[in-house]
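Take a look at the following structure, please.
The values are calculated or read from the model by the stated rules, or taken from the named source; none is laboratory data. The model shown is predicted, which means the values in this text are computed figures rather than measured ones. Counting neighbours? That spans all protein chains shown, and the Cβs are built from the backbone with ideal geometry, glycine included. Note: areas computed on protein heavy atoms with side chains; ligands, DNA, RNA excluded. Shrake-Rupley method; radii C 1.70, N 1.55, O 1.52, S 1.80 Å.
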Amino acid sequence: MILLPRPLLKQIVDAAEAAYPDECCGLVVGYTQPPQDLIVTRVEVSPNVAEDNAAERFEVSPRLRLDVMRALDGGPERILGHFHSHPDHPAQPSPRDLERAWEPDLVWLIVSVLDGQAIHTTAHVLDGEGRQFREVSLRTTDWQPYGVRPAANGREEEKE
């Protein structure tokens, strides 16, 4: 599961909406919490340096990535993955995303932006063979399940 503080999710969503109709992109930084949770501590918004068709592809600035890697050297945090938007498309990896996924340990956060408004964010990782993506749980760190209340028949039911 990926745990993302709400202000960082807002930062990603704001970048996605600001870049529309082009794709936004950036890096996701944090650490692993055993057994497998990824805790996001910051995001780094990047200019989309794709040389052509920024509405359908993205490329994180190599300079930004290098700067972040240098700053993290030896610390507990690392680059967990990156984020990008899909203008007027679902928050699901595209065939082009799969072609460009060459780092199996990175998480891909994808924001669907419809008519300039972010509507859905998902997280994905490559399978062990690097042949397809699988979705992973993404939650804000302040997420809480809905409460339950006793039903008239004595059994619990979800509150609306």
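Note down the magnitude of the dipole of the chain about its Cα centre, charges +1 on Lys and Arg C-beta and -1 on Asp and Glu C-beta and zero elsewhere, to the nearest 20 debye.
Dipole about the Cα centre, nearest 20: 480 debye.
Separate question: What are the ³J(HN,Hα) values, in whole Hz, obtained from phi via the Karplus relation 6.51 cos²θ - 1.76 cosθ + 1.60 with θ = phi - 60°, for each residue of region 124-141 in sequence order, with x given for Gly and Pro?
9, 9, 6, 6, x, 8, x, 9, 7, 8, 10, 6, 10, 5, 10, 9, 6, 5
Ranked from the most accessible area to the least, with a 1.4 Å probe and all protein chains present, what is the order of ASP127, ASP52, ASP22? Don't jump to the answer; show the numbers that get you there.
Numbers: ASP127 35, ASP52 85, ASP22 65 Å².
Accessible-area ranking of ASP127, ASP52, ASP22, largest first: ASP52, ASP22, ASP127.
Given the -39500 (n - 2.57) contribution per DSSP H run of 4+ residues, what per-residue ellipticity at 222 nm results for the chain, rounded to the nearest 500 deg cm²/dmol?
Working: 3 runs with 31 residues, N = 160.
So the calculated ellipticity at 222 nm is -5500 deg cm²/dmol.
How far, in degrees from 0 to 90, does helix 6-19 lean away from the longest principal axis of the Cα atoms of the chain, to the nearest 10?
50 degrees
Could you pull out every residue, at least 5 positions away or on a different chain, whose amide H is within less than 5 Å of the one on ALA91? Hs are placed 1.01 Å off N in the peptide plane, and Pro or chain starts have none.
Long-range HN contacts for ALA91: SER112.
I would also like to ask the following. Rounded to the nearest 10 degrees, what's the angle between the helix 62-72 long axis and the longest principal axis of the chain, both from Cα atoms, 0 to 90?
It works out to around 60 degrees.
In addition: Length gain on complete extension for the stretch GLU129 to LEU66, per 0.36 nm per residue less the alpha carbon to alpha carbon distance? Intermediate results must be reported in sequence, preceding the final value.
On the way: separation 63, 0.36 × 63 = 22.68 nm, distance 2.68 nm.
Taking 0.36 nm per residue and subtracting the Cα distance, the gain is 20.0 nm.
Say the dipole of the chain comes from +1 at the beta carbon of Lys and Arg and -1 at that of Asp and Glu; which of SER112, VAL28, ALA16 then lies farthest toward its positive end?
Positive-end residue among those listed: VAL28.
Calculate how many DSSP beta bridges within region 48-138 are antiparallel, expressed in % of all such bridges and rounded to the nearest 5.
65 percent
Further question: Share of antiparallel DSSP beta bridges in the chain, in percent to the nearest 5?
70 percent
Most fluctuating residue of VAL29, VAL111, VAL148 in a GNM of the chain with Cα springs under 10 Å: which is it?
VAL148
Of the listed values [x] 27; [y] 59; [z] 41, identify the label whose number matches percent of Cα pairs over 27 Å apart calculated from this model.
[x]
Could you pull the accessible area for ASP115 with a 1.4 Å probe, rounded to 10 Å²?
Approximately 120 Å² for this residue.
What ranking of TRP108, TRP143 comes out by heavy-atom accessible area, probe 1.4 Å, highest first?
So the residues, ranked largest to smallest area, are TRP143, TRP108.
Hey, another quick one. Using heavy-atom solvent-accessible surface (probe 1.4 Å) with all chains present, what is the largest-first order of MET69, MET1?
MET69, MET1
Would you kindly find the accessible area of LEU72, with a 1.4 Å probe and non-protein molecules such as ligands, DNA and RNA excluded, rounding to the nearest 10 Å²?
Here the residue's solvent-accessible area equals roughly 20 Å².
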